[in-house]
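> Can you keep this structure in mind? I'll have questions shortly.
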Amino acid sequence: MTTSTLRRPVRPARTGTVRRWDAGRIARVVFMTFVALVFLYPLVGFFAVALRSDAGVAAGTGGFLGIGGISFAGIQHSWNEIIAYGGLDTPHVYLTWLGNTVFVAVTGGVLALVAALPSGYALARLRFRFQRTILVVTLLAMVMPNTVLVIPLFLEVNAVNAVGELWPVAIIMGFFPFGVYLSYIHFRTAMPHELVEAARIDGLGEIAIFVRIALPISRQAIALVAFFSFVANWTNFFLPLALLTSSFGTQTISVGIQSLISSSPLFNPTAAAGLTVKLYMPELALATAISTIPLLIVFIVAQRFLIRGQTVGAVKG
């Protein structure tokens, strides 16, 4: 055996620059870590309160942020109090609020997809009269505050005697101009113009081009529109407050949590005096934390598409 066979192969030198931890980079990391801790501190404290008992919160025990006071018995007691809220007239009203919110958020999200994607494609790839005017109106509707539209929408729903019902709220939530503009940007920049022209030369109509070509390559845009629409519908407060006030059991979770807070002895001792179920800090925190779980689930499911779709509309240089 020769010496050359025993010699270890020489590894090629690494190319590229190695980032060093200079003073500037260390300062940026330290600053961003500090900012993250500032935002994380109240969140950890909030969820710790949701998992504690009333007595533990009132006594201030539990160590740092009250984490040491977390107990399964406290969680079970808070959940039982939340479920019992509403009495015999509206039993399990909290679960009813969650179901109502799921209905209006999902229905409104589906309607937003059905309306936004074809509208965005038409504005981006078709030529028709008043096209620019419609786009400008879409932008104006997108930046218009929701509070401005509450009274006109209430008058319209009241004209058809549908105040207090869920279906008009779901239909109105399908009006999502931001989704239209997002779809317009996607079809305008991310969809090759040559692909559309080739499909037209092959004899495909605009509906066939949209269904067979535009939609299959628009999964990221679909995920973005669906996610933002669902989040906007789930957290919408003014529209359900104006249209669903006639019945306590038809409210959504955003309005329902406001009802829980307004009837708590911590914020309104007079209103809570006549209630058999009194909600304090742990119960209110747990009810709010549970209402955020569907948003977290939707974000986790759509995260892969959201990361890929965050550059929708970007143009290569």
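Each reported figure results from applying straightforward, stated rules to the coordinates on display, with no laboratory input. Every value quoted in this text rests on a predicted model; they were computed, and no experiment measured them. Positions of Cβ are generated from backbone atoms using ideal geometry, with glycine treated the same way; all protein chains shown enter the neighbour counts.
> Could you give me the ³J(HN,Hα) list for the range 200-210, computed from phi with Karplus coefficients 6.51, -1.76, 1.60 and θ = phi - 60°, whole Hz, x at Gly and Pro?
Per residue, the Karplus-derived 3J(HN,Hα) values read 5, 5, 6, x, 6, x, 5, 5, 5, 5, 5 Hz.
> Taking the Cβ of Met191 as the centre, find all other residues whose Cβ is under 12 Å away and add up their charges (Lys, Arg: +1; Asp, Glu: -1).
Working: positive: Arg125, Arg188; negative: Glu194, Glu197.
For residues surrounding Met191, the net value is 0.
> With a sphere of radius 12 Å drawn around the Cβ of Tyr85, what net charge do the other residues whose Cβ falls strictly inside it have (Lys, Arg +1; Asp, Glu -1)?
Residues close to Tyr85 contribute a combined charge of -2.
> What value in Å³ per residue do you get for the convex hull of the alpha-carbon atoms in the range 136-229?
Given the Cα convex hull of the range 136-229, per-residue volume reads 136 Å³.
> Sticking with this structure for a sec: Can you pull the one-decimal nm distance between simple spin-label points at Arg28 and Arg212, each 7 Å off the Cα toward Cβ?
4.9
> Averaged over every viewing direction, what's the projected area of the C-alpha convex hull for the range 91-182? Give it in nm², one decimal, please.
7.3
> Now for a different question. Listed highest first by mean packing, meaning other Cβ atoms within 10 Å per residue, what order do 43-49, 138-144, 233-239 come in?
Highest-to-lowest ranking by the protection proxy: 233-239, 43-49, 138-144.
> Report the local net charge at Ser264: Lys and Arg +1, Asp and Glu -1, summed over other residues whose C-beta lies under 13 Å from its C-beta.
That sum, taken over residues with Cβ under 13 Å, equals -2.
> Per-residue HN-Hα couplings for the range 283-289, Karplus 6.51 cos²θ - 1.76 cosθ + 1.60 at θ = phi - 60°, whole Hz, x for Gly and Pro?
Listing the rounded values in order: 5, 5, 5, 5, 4, 5, 5 Hz.
> Taking 7 Å along the Cα-to-C-beta vector as the label spot, tell me the Phe175-Gln303 distance in nanometres, rounded to one decimal.
For the pair Phe175/Gln303, the computed spacing is 3.6 nm.
> Using θ = phi - 60° and the Karplus relation 6.51 cos²θ - 1.76 cosθ + 1.60, list the HN-Hα couplings for the range 227-239 in order, rounded to whole Hz, with x at every Gly or Pro.
5, 5, 5, 4, 5, 5, 5, 5, 9, 5, 10, 5, 5
> Taking 2.2 N^0.38 Å as the expected size of a compact globular protein, what ratio does the Cα radius of gyration of the range 93-309 give against it, to two decimals?
Normalised Rg, Cα atoms only: 1.23.
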